[in-house]
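The values are calculated or read from the model by the stated rules, or taken from the named source; none is laboratory data. Since we're looking at a predicted model, the values are computed, not measured. We place every Cβ from the backbone using ideal geometry, glycine too, and count neighbours over all the protein chains shown. Heads up: the accessible areas ignore ligands, DNA and RNA and are worked out on the full protein's heavy atoms, side chains in. Shrake-Rupley method; radii C 1.70, N 1.55, O 1.52, S 1.80 Å.
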Amino acid sequence: MIIAVDGPAGAGKSTVARIIAQKLGFLYIDTGAMYRAITLKSLEKNIGAADEAKLIEMARSTDIGLVNSADGPLKIFLDGRDASRLIREPRITRLVSDIAKIRGIREIMLGLQRKLGRQRDSVLDGRDIGTVVFPDADRKFFIDADFKERVRRRHKELIEAGQGVSEKDVEEDLRNRDKIDSTREFAPLKKAEDAIRVDTTNLTIDEVVEKVLSYING
Ligand code: DC
């Protein structure tokens, strides 16, 4: 079974997708983390977002591994080393949408995501899972929340992770990424027609999980 969970940043998508996967015993595939890993490597190799050919060549020879643990967070391995923390740094967040809009990069990630998802029952979270990666997914969700609430949540998350950013910076980042992610030419952020929209603005995580599970089991 494939469960697609799409939506903008800060809507609670990753948290919900991870919990659902744990509860169902499915593999959790965070596709945003894969774009983040590519972005991290591009910075380390000093390849700018404008140098598409070089980036694509780099991505082709990159090994990205996702390791699910029973209760902890997902671990992301970039060419064999644990990059789980590094990929969440603000320098990555600022740049990732520009890397993720490159068609050749998306094609490589698409292949990897499909291969991973077909191995076993999976929950994939991202922007284009229900529209492009798995248009035939068994269940599709579009997790959304009001912009202000998404800013508040992302800010809280970053502060808790020890990253001292201002709410204004978070707001700017989200606005910028929403715009790039939803207006790009290839696989933009969009609700699949047959996806169930869940507005999480006034819901707790438990309530969202319950709602999503009831649709999955229903
Ligand atoms: O979910 P996230 O914030 O970790 O995602 C980081 C970026 O990756 C996001 O701004 C857009 C891109 N992305 C994408 O283009 N397609 C996906 N399926 C997942 C993420």
- Matching residues in the range 118-129 (more than 10 Å from the ligand (Cβ to nearest atom), over 11 Å from Ala21 (Cα atoms) and not basic (Lys, Arg)) number 1
- Message: Going by what's in this entry, would Arg94 be described as closer than 30 Å to Met1 by Cβ, within 16 Å of the ligand (Cβ to nearest atom) and open to solvent by 20 Å² or more (accessible area, probe 1.4 Å)?
- Response: no
- Task: Any chance you could count how many residues in the range 23-57 are within 12 Å of the ligand (Cβ to nearest atom) and among the hydroxyl-bearing types (Ser, Thr, Tyr)?
- Result: 3
- Item | Total residues in the range 50-107, condition free of Cβ contacts under 8 Å to residues at least 40 places away in the same chain and closer than 17 Å to Ala187 by Cβ | 1
- Exception for Val170 within (1) farther than 20 Å from Ala21 by Cβ; (2) β-branched (Val, Ile, Thr); (3) within 11 Å of the ligand (Cβ to nearest atom) falls at (3)
- Enumerate the pairs (first residue in the range 190-218 and hydroxyl-bearing (Ser, Thr, Tyr); second residue anywhere and open to solvent by 80 Å² or more (accessible area, probe 1.4 Å)) with beta-carbon separation below 8 Å, excluding pairs fewer than 6 apart on the same chain, so at least 6 apart or on different chains. Thr201/Asp146
- Item | Qualifying helices (runs of 4 or more DSSP H) (wholly inside the range 101-218; at least 2 residues being under 30 Å from Arg60 (Cβ atoms) and open to solvent by 50 Å² or more (accessible area, probe 1.4 Å)) | 103-119, 167-183
- Query: Just for helices (runs of 4 or more DSSP H) wholly inside the range 1-75: which have at least 3 residues that are at pLDDT below 95?
  - Reply: 13-24
- Pick from Ala49, Ala33: which is touching a helix residue (DSSP H, G or I) at 6+ places or on another chain (Cβ under 9 Å) and open to solvent by less than 10 Å² (accessible area, probe 1.4 Å)? Ala33
- Message: Testing Leu24 on (1) out of contact with any Leu (no Cβ under 6 Å at 6 or more places or on another chain); (2) farther than 25 Å from Pro135 by Cβ, one condition comes back false. Which one is that?
- Response: (2)
- If we keep only residues of the range 1-15 that are of a type in the set (Val, Ile, Thr) and in contact with a Ser or Thr (Cβ under 8 Å, 6 or more places away or on another chain), then the residue least open to solvent (accessible area, probe 1.4 Å) is Ile3
